[in-house]
1. Roughly how crowded by other chains is peptide A:246-255, in terms of the mean Cβ count from those chains within 10 Å of each of its Cβ atoms?
2. Sort B:R315, A:R190, B:R56 so that the residue with the fewest other Cβ atoms within 10 Å of its own Cβ comes first and the one with the most comes last.
3. What does the structure give for B:263-276 when I average, per residue, the other chain Cβ atoms found within 10 Å of the residue Cβ?
4. Please sort B:222-234, A:147-159, B:200-212 by packing, taking for each peptide the average over its residues of neighbouring beta carbons within 10 angstrom, highest first.
5. Excluding A:L196 itself, calculate the net charge of residues whose Cβ lies under 12 Å from the Cβ of A:L196, where each Lys or Arg counts +1 and each Asp or Glu counts -1.
6. Measuring from centroid to centroid over Cα atoms, what is the spacing of segment B:276-313 and segment A:152-203 in Å?
7. Can you pull the one-decimal nm distance between simple spin-label points at B:Q67 and B:E220, each 7 Å off the Cα toward Cβ?
8. Evaluate E = 1/(1 + (r/R0)^6) for B:L305 and B:S126, where r is the Cβ-Cβ distance and R0 equals 51 Å; express this FRET efficiency to the nearest 0.05.
Amino acid sequence: MSTVATPGRRKSKAGWNLLGLLVFVVAGFPVYWMVNTAFKPAKDAIDPDPSLLPTGLTLSNFRRALDIADFWGPVGRSLIVSLSVVVIGMVIGLLAALAISRFAFRGRKVVIVGILAVQMIPLVAMIIPVFLLLNDLDQYDKLSGLIITYLTFILPFTVWTLRGFIVNIPKELEEAAMVDGCSRTGAFVRVVFPLLAPGMVATSVYAFIQAWNEYLYALMLLSQEHQTATVWLANFSTKHGTEYAPMMAGATMMAVPIVVLFLLVQRKMAAGLTAGAVKG
Amino acid sequence: MSAVDTTTPAKVLAPPPDSPQRPRVNRRSGGPAVPWLLLAPCLAILGLVLGYPLYRLVTLSFQMFGQSQLWGFKPAEWVGFGNFSKVLGDSEFWQVVLRTIVFAVGCVVFTMVIGMLVALLLQRVSGWVKTLVNIVLVASWGMPVIVATTLFKWLFDSDYGILNALLSKLPGVQMIGHNWFASGPQGLAVIMLLVVWGAVPFVVITLGAGLTQVPSELEEAARLDGAGAWGVFRYVTLPILKPIIVMLTTLSVIWDMGVFPQVFVMRGGHPEPEFQLLTTYSYDRAFVVNDYGQGSAIALLTVLLLLGVVAVYMRQMLKIGEVE
């Protein structure tokens, strides 16, 4: 890559590798410990002198976690909400991102400032009026209400991120396609869109994770029986504070699919972020 | 923070690759209505779920709005600046402000510095180490905040937490039973660690992608001209990464000032006074004390504070927007 491999650098490379492994161990330990606790017999989890290595393999913590409260209902609701938010956010966000990155028009600057500014409002600051609004619209305790509320933070994010990807694609490519007889829409579909696709994947993944992880709105805008996965886990911890082993089993079930998804798209995401490198 | 202090003068040496000529704006197709049509759905939704509540937040903060107003028994009563003078006159509020600023600045600085160091480190390690670290980073990045919070609660548990057990193995250290959340500063330090742990991967991966865009010829040229590792970083790498760094820092400020679930869940839904940040303080006033007017006033003040903090970066972002 960008470092030059000169002879005699072997030794320093070993040093860097050692440092890298240290980062690996320190950053990875919490995740390891979560999975380790989840599969460990419950009595080993309250050993005052815990063994760092796995002591035994049991699924009883998972069974217990599923017994304590309905797990699949909350997960299903979280999936519906997150996927809807991503689809709506990406379609509407892409249109808006095109508008502010490929058109010159009066008011463009105001829109950009607006999109930037609204990202600065902490969600928790808006919870009081949002709660009152959903109440007025008869959307309290409804997934549709939560979906539209999530767009408050997903939309500005997708618009701003997609804009970043679009401006990285040279305008000349589009213009060349138009000189060759493409319409503006045709140029977008054939030239810009393929280059933008990896960026859109990356943006969708960020958006999905944000929606999946959201806690406060889900807590405040849905009743206990319609709770999402994050609220499920947080409640789990307050009600059974000392039962850490089943809690870690629940945490593992919630996190693993997301993490696997992340690992799968990771390469595409890197490609998306570097696609803009091929310039001129 | 590091972004602005260190990079501005260096821009002269290596201009961003795409800045020399301003792109011409295409006015050929479509009338002036096209961009507005494209923006319409976005603006409509934001107007409904953001614009209106924001307006409502402002009016609420000038009203006496409690339980009976919530249920519609009594109309909301206009009290002018009453809520604000009550909040601003409360010394607890100012303690919360200070605590929030210290907490957020700590989070942002640690996140950016560690993120940059790890991103640079990943350029220098062998492929297999890079893969290992990347897997771990992605795993902790994808970790839902609530999962991470419950996980850290478990790591730092006073009786059975692994951290206390490990620390106690050190000679002369006896930490079993130590409650990390007995004092505010110590507990918030743990929460800061949690926030940084979750935020670093995004920074590393984004900066890492940016680093691959730094042309190696530029670095080589700098090296041939006698620049050391620091010189290359300072005068070649940093200027090229500057837009990414500015964006990451802005986002970090926004996120770290808005930290809520970590504190809320870590303290079992009832943060003690010495754990209150502006976000939880506003929530507390509204939903625990049932004074929605004061809660809104605090939320509004938080937003204003944040606007002040980020205004500088906004200007920076706009400059970038201009160039494009």
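Coordinate-derived values only; no laboratory data. Computed from a prediction, not measured in an experiment: that's the story for all the values here. Neighbour counts are summed over all protein chains in view; Cβ atoms, including those assigned to glycine, are modelled from backbone coordinates with ideal geometry.
1. Counting other chains' Cβ atoms within 10 Å and averaging over A:246-255 gives 4.
2. B:R315, A:R190, B:R56
3. Neighbouring Cβ atoms belonging to other protein chains average 2 per residue here.
4. A:147-159, B:200-212, B:222-234
5. Overall, the nearby charge balance is +2.
6. 38 Å
7. 7.5 nm
8. Using R0 = 51 Å, I get an efficiency of 0.65.
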